[in-house]
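Here is the structure we will look at.
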Amino acid sequence: MRTAQTFLSCVLAVSCIAGVPALAQRPAAVVTSEFVDPAPPYPQAHASTLVEFGDGTLAAAWFGGSGESRPDVRIWFARRGKAGWDRPVPVADGRSPDGKVYPTWNPVLFAPPGAPLQLFYKVGPSPRDWWGMVITSSDGGRHWSPPRRLPDGILGPIKNKPVVTPGGTWLSPSSREEGTPERNHWFLRMERSTDGGATWQAGAPIASPMGIEAIQPSVLTFPDGRLELVARTRQGALAMSWSRDDGRTWSPLAAIDLPNPNSGTDAVTLKDGRQLIVYNHSAHRPDTPGNGPRYPLNVGLSDDGIRWRNVLTLEARPMPDGYAYPAVIQTRDGLVHVTYTWNRTRIRHVVIDPRRLR
């Protein structure tokens, strides 16, 4: 049986043959590139999320503060209209009923048809001990409900947006990090709601017979009803899993032919049927401490969710903290919008014309 390390070797070989400097680049595909907030009132920003409203307005959220895992880290939110991005405002923090303040983490915006805007986020001292929270808005993020803690055992979407499946289910791409900082285990565990978010059910951990440890999945859809997860791993390559029953059960994890430096990604199914992913085209070797380099930042395409090709480099210049944790959506006008962490200090927004990607 092939192991995750074997898959990593294959992915690294493909990357070396392709040669990162020679990756296909089509600058004409980039329509806009800007910072959501050019001068934020805090030193660190991370983990952005994107959504489009019915009138074409965009909104983004992220966490910002003095540094990840610190109590002053809050969830920030901004809308973008025809005149550009509005001034961001904090919309959630980690204050608990007993007055203790915890850091907040990884907001996820979700605008399901016929329901209020949902903003999921996590609160707690670390990803091993956090819990899921949600606030809602019926006026496009101008006003928000009081925060509500999700049920025990439900964390909500960990980094990437939920989807509404062909059967009408809200499918929340979730994962777990269990153990201690020195010895912890990662696994995917999907959460489903069949009643518009009133109740949730957590599925069984997705099997990983090859020892691939994965978190932070994205959900892709196919015309025949199949669903695919694409997730970050510790093994140097991205991983996939498939469902044929509306997200109830999932196939064992397998590696795909794109490298991953132990960094978050996001993916979306385009209107033309292609699958698009934003990721770092660099690898992390499991026997090396820490993460691999979070640059360059790239866009990949696939016709079948299995074979992927790198079609665009968004960022290539080395930065101490790189370019990480992208979020991606396709808006009603057909354009693709990406936000991502820029050197841990700001959130960058890029608009791409997918017709120019091949």
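The values are calculated or read from the model by the stated rules, or taken from the named source; none is laboratory data. This is a predicted model, so every value here is computed, not measured. Every residue, glycine as well, gets a Cβ built from its backbone with ideal geometry; the counts of neighbours run over all protein chains shown.
Looking across Ala28, Ala24, Ala13, one residue alone is modelled with pLDDT under 95, farther than 30 Å from Trp144 by Cβ and not in a helix (DSSP H, G or I). It is Ala24.
Only strands (runs of 3 or more DSSP E) whose full extent lies in the range 141-229 are considered here, and none of them has at least 2 residues that are of a type in the set (Lys, Arg) and buried (at least 18 other Cβ atoms within 10 Å of the Cβ).
Matching residues to (1) modelled with pLDDT under 95; (2) farther than 29 Å from Gln330 by Cα; (3) polar (S, T, N, Q):
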site	(1), (2), (3)
Trp200	no, no, no
Ala204	no, yes, no
Pro209	no, yes, no
Ile212	no, yes, no
Thr221	no, no, yes
Leu229	no, no, no
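Suppose the filter is of a type in the set (Val, Ile, Thr), assigned to a loop (DSSP other than H, G, I, E, B) and under 27 Å from Ser174 (Cβ atoms); does Ile306 pass it? When the stated conditions are applied, Ile306 passes them.
Tell me, yes or no, whether the range 230-241 has at least one residue that is more than 20 Å from Arg189 (Cα to Cα), in a loop (DSSP other than H, G, I, E, B) and not polar (S, T, N, Q). Yes, that holds for at least one residue.
Selection within the range 96-111: residues that are modelled with pLDDT under 95 and closer than 20 Å to Trp144 by Cα. The member of this set that is surrounded by the fewest Cβ atoms within 10 Å (Cβ to Cβ) is Pro97. Checked against the criteria, Leu276 counts as part of a strand (DSSP E or B), of a type outside the set (Lys, Arg) and under 25 Å from Pro107 (Cα atoms). Being surrounded by 15 or more Cβ atoms within 10 Å (Cβ to Cβ) and free of Cβ contacts under 8 Å to residues at least 24 places away in the same chain is the filter here; which residues of the range 316-343 pass it? Answer for the range 316-343, where residues must be surrounded by 15 or more Cβ atoms within 10 Å (Cβ to Cβ) and free of Cβ contacts under 8 Å to residues at least 24 places away in the same chain: just Ala316. Does Leu301 satisfy the condition of being of a type in the set (A, V, I, L, M, F, W, C), at pLDDT 95 or above and crowded, with 21+ Cβ neighbours inside 10 Å? So Leu301 does not fit the description; no. State whether the residues of the range 58-73 include one that is outside any strand (DSSP E or B), more than 23 Å from Leu171 (Cβ to Cβ) and hydrophobic (A, V, I, L, M, F, W, C). Yes, the range 58-73 has at least one match. Within the range 91-130, the residues that satisfy the criterion of being part of a strand (DSSP E or B), farther than 22 Å from Thr265 by Cβ and in contact (Cβ under 8 Å) with a residue 24 or more places away in the chain are Val91, Ala92, Val101, Leu117, Val123.
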